[in-house]
Amino acid sequence: MIADIGLIALTIAFLFSVYATVASAYGGWRNRSKWVESARNASLLVFPLLTVSVLAIVYSLITLDFSLAYVYDVSSQAMSPFLRVTALWGGQDGSVLFWAWLMAGFVVIVLLRKWERDRELMPYVIATSMLTTAFFVGLVLFITNPFQHLWYQYGAPDAIKAVFQPANTTLYIPQDGGGLNPLLRHFGMIGHPPTTYIGFTGFIIPFAYAIAALITGKSRGDEWIRTTRRWTLVAWIFLSIGLILGGRWAYDVLGWGGFWGWDPIENAMLMPWLTGTAFLHSVMMTEKRGMMKKWNMVLIILTYSLSLFGTFITRTGVISSVHAFSKSALGPAFFTFIGLTFIGSIYLLYWRWDTLETEHSLESFVSRETVFVLQNMLFLAITFAVFWGTVFPLISELVTGTKITVGPPYFKSVTGPLFFVELLLMGIAPLFAWRKQTVKNLGKAIWQPFAGSLVVSIGWGYLHRMHPMSIIGLWLVAFVVFCILAEFWKGVKARTSSKGENPIQALIHLIGRNHRRYGGYFIHLGVILIALGFIGDSYFKQETQGTVTAGERLVIGNYQMRFDGLRGYPGSDGREIVEANLTLFKDGKEVRSLQPRRDYFVVQEQPVTVPGVYSTAGKDVYIMLLDWEVSDIDQQATFKIYINSLINWVWIGGFVMIFGTIIAAWSSPKQLETTYVLKPGMSTSLPAVQEV
Amino acid sequence: MGHNLKRKLILALLVTLASLYLATLVYAQGTTPGYPTDNDVNQIAKKLYCPVCPNTPLDVCETQACKDWRGQIRDQLSEGWTEQQVIDYFVAQYGERVLAEPQRKGFTSLVWLFPVIAALLGLWISYEILKGWRAKKQVTIPIVENSQISPEVLAKIEEEIRKLN
């Protein structure tokens, strides 16, 4: 009954979203505001309708309505209510619906907030975003419908999945369901998928504005950029959080002691993040200098297509991966939609190419403009390298018939140097002035952070002299951090001397006066801290594996682990747990007792490794229980121990990034909207008084 | 003449030392108690991917099949196989897909080549773009089409902005 209501709401939502797309496009084309308003009303209704659908599924998941195939697939008696709710996005059908629901929600926010402001763009903003929504709702309705029932045909080996009753069948209602994939039964389930989806769908709004600007010819002006600026930042931070939470989840659950494995799904998320980051920067060039308008378009089109591509890869299993739960009929539909929207967008861009001319000339090659162009190009190069490595196994199989693997060694050695230069540019870009910069001034600004970073990295590197390559990485981190701190220092100094404020006041006012700039610096700081985590992972990671009997010890670095015994007990969610009791020693002194476990999910016949972790700012000691043997006389167990150096800086960096984004996105009415740069050399010398 | 002899002697000495060193290495490897350890096995398994599971390195894969493959590597090592021999064996047996790092030959070399070409191309494009901007005359494209604001007012606004800066 409830499920039927959900299905009806879903069907109406599909009709409305198709109608909204057509009506708004027609209204915009023929200048009929009645049509546009009607489209707007239809769009506003899609979200509540989809909400009904989502609630119907959630209700069915919680109450275990096993007449629905989806509930049977992802929910079960043993699962807690919390997990039953998260099962909404735990399987393919539910997650596509969830995606469409978020998308429709964003459209509502845009329509309510921006309706008055961007009248001319609005018809095509609606058309573009509702076309995407209609596509996803259509997928839910026709291909991955979560309201399908199971039907039993006499004599057939398997039940048939269908919405309506096929001939000669009876409704089949199982007693219990399969339940969520055990790897998904984790608290991270509440964070990683929703944030990722918000990031993916969030980028569709700036894309819709870009397309509207192209169609209406408003691409000449930059209004669409100003409107979507904060929007883009919010979508971007959600995608960033999604990436970081995904890493954290992998670290806690997947049991390989790392947080980033260059898996196709991770790459699929990374690519729109890379182009989205490039877009965040290229729009600054347009705002400040009227440059890179074509780039903005290219980047937002890429980000949109890559967001869809990311969803496509995750949901269709086209590239085999630990994440892709099933192969499905989604593939061709996605492929067609991505192809058509991409070609359509590129055609529009080509058509309006002349409206996107740069307004100013470049005064000097030594200027922030140059750095911006280079960093944007690097983002694209990294994106290409990641894309190429991700799809190459497919290409290889198509062309030569040989299946190959493109694993982490490829991604590390190809993107490593590019990321290195990118991060370096991140550090020095603020030292370049807009328009032109004398080399002398640049040297003046650079030498202190440079000298400081040399001292730090030599000292630091000396402690790690067995990994000479790491010194370069540590130098980079130190240099970028000093460059950023120097920017804060200069601003604070200017205020303390000119306004007589104390340093804390000065810092707060400095940030308040120009929150986008200093918020951006905080984000940069977060990024470089994450880079520090990657450096630790690349150079300082240690591992050992061994089998010990109770009472014996395993040694790694200056740590020792004593195995004290095993115990087994039944856990929640239908799992059998075997837990090892360990005592960890550092330099011979006892620091902590740890309990790594192996949870065996009986129904799914799947084990999940839960590590025991001793975590400090410098390193994690990460212990996994791999195997055991219990006899009458003694207990034997095999452990794998990782020392993950600096890994916590990834999470800390994530928090710093969120903090920076909050500052940057904070709206302040006093802020002067126009930040066009008219005079050369003004942005580095006196940041405090630059813009007001 | 004497000079030449000296050189030959030094060379001979170096060769002897080098071969002694190598011999020690091999010897050490062969007789270390407990060789091959789990770590020796993982060292190689890390460079291989599970031939049947999707995208899982062999050293962390937890299926029974993978455990057996690790056991096989252990047996091969204890029989004196070198790392390269083990890897070659796995490639011959299960195909190129077991290699974590794609090969640098044949069609597969394209995976390495294209990103380098792309990066260089990107650098060149950046240069061309900047050069284009450099050569560009300063023209201000009117931001608002059919603007209602008169040129005088616009000029005044521009002046105000300039003052603010």
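None of the figures in this text is laboratory data; all of them are computed from the coordinates on show. Predicted, not measured: the structure shown is a model, and the values here were computed from it. Neighbour counts are summed over all protein chains in view; Cβ atoms, including those assigned to glycine, are modelled from backbone coordinates with ideal geometry.
Structural remarks
- Label positions at residue B:84 and residue A:439, each projected 7 Å from the Cα along the C-beta direction, are separated by 4.7 nm.
- Cβ-based charge dipole, the range A:215-374, positive-most Cα from A:242, A:373, A:341: A:341
- Length-normalised contact order of the range B:33-101 in % [C-alpha pairs under 8 Å, at least 6 apart]: 37
- Unit charges on C-beta of K, R, D, E only; dipole of chain A, Debye: 2840
- For the range B:33-101, the equivalent ellipsoid derived from the alpha-carbon gyration tensor has semi-axes of 18, 13, 10 Å in decreasing order.
- A straight Cα-to-Cα reach below 20 Å connects residue A:161 with the aspartates and glutamates A:4, A:65, A:73, A:93, A:176, residues fewer than 8 places away in its own chain not being considered.
- Length released on extending from residue A:497 to residue A:573, taking residue separation times 0.36 nm less the Cα-Cα span: 21.1 nm
- For the range A:42-137, the square roots a ≥ b ≥ c of the C-alpha gyration tensor eigenvalues yield an a/c of 1.5 or more together with a/b exceeding b/c, which makes the shape prolate.
- Label separation (residue A:366 vs residue A:509): 3.3 nm, computed from points 7 Å beyond Cα along the C-beta direction.
- For residue B:48, nonlocal amide neighbours, meaning residues 5 or more places apart or on other chains whose placed amide H falls under 5 Å from its own, are B:58, B:59, B:100.
- Debye, to nearest 20: dipole size of the range A:1-185, +1 on Lys, Arg Cβ, -1 on Asp, Glu Cβ: 700
- Cα gyration tensor shape for the protein assembly as shown, rounded if a/c is under 1.5, else prolate or oblate: oblate
- Checking the cross-link pairs A:288/A:493; B:46/B:67; A:640/B:67; A:640/B:47; B:131/B:156; A:294/B:136 against a 23 Å limit on the alpha carbon distance flags A:288/A:493; B:131/B:156 as lying beyond it.
- Local net charge near residue A:20, Cβ-Cβ under 12 Å (Lys/Arg +1, Asp/Glu -1): 0
- Peptide-level mean, for A:397-407, of C-beta atoms on other protein chains within 10 Å: 6
- Charge dipole of the protein assembly as shown about the Cα centre (unit charges at C-beta), most positive-ward option of A:560, A:231, A:172: A:231
- Charged neighbours of residue A:491, selected by a Cβ distance under 10 Å, balance to +4 (K, R count +1; D, E count -1).
- Given charges at beta-carbon only (K, R positive; D, E negative), |dipole| of the range A:354-468 in Debye: 620
- Here's the list of aspartates and glutamates a cross-link from residue A:114 could span, going by alpha-carbon distance under 15 Å and ignoring same-chain residues fewer than 8 apart: A:37, A:223.
- Efficiency of FRET between residue B:109 and residue A:346 - r from beta-carbon atoms, R0 30 angstrom, step 0.05: 0.50
- Note on residue A:15 and residue A:156: their simple-model spin labels are 2.9 nm apart, each label 7 Å out from Cα toward Cβ.
- Helix-derived mean residue ellipticity, 222 nm - over the protein assembly as shown, DSSP H n ≥ 4, -39500 (n - 2.57), to 500: -20500 deg cm²/dmol
- Estimated FRET transfer efficiency (residue B:159, residue A:109; beta-carbon r; R0 30 Å; 0.05): 0.20
- Gain on full extension, evaluated as 0.36 nm per residue between residue A:67 and residue A:395 minus their Cα-Cα distance, stands at 114.0 nm.
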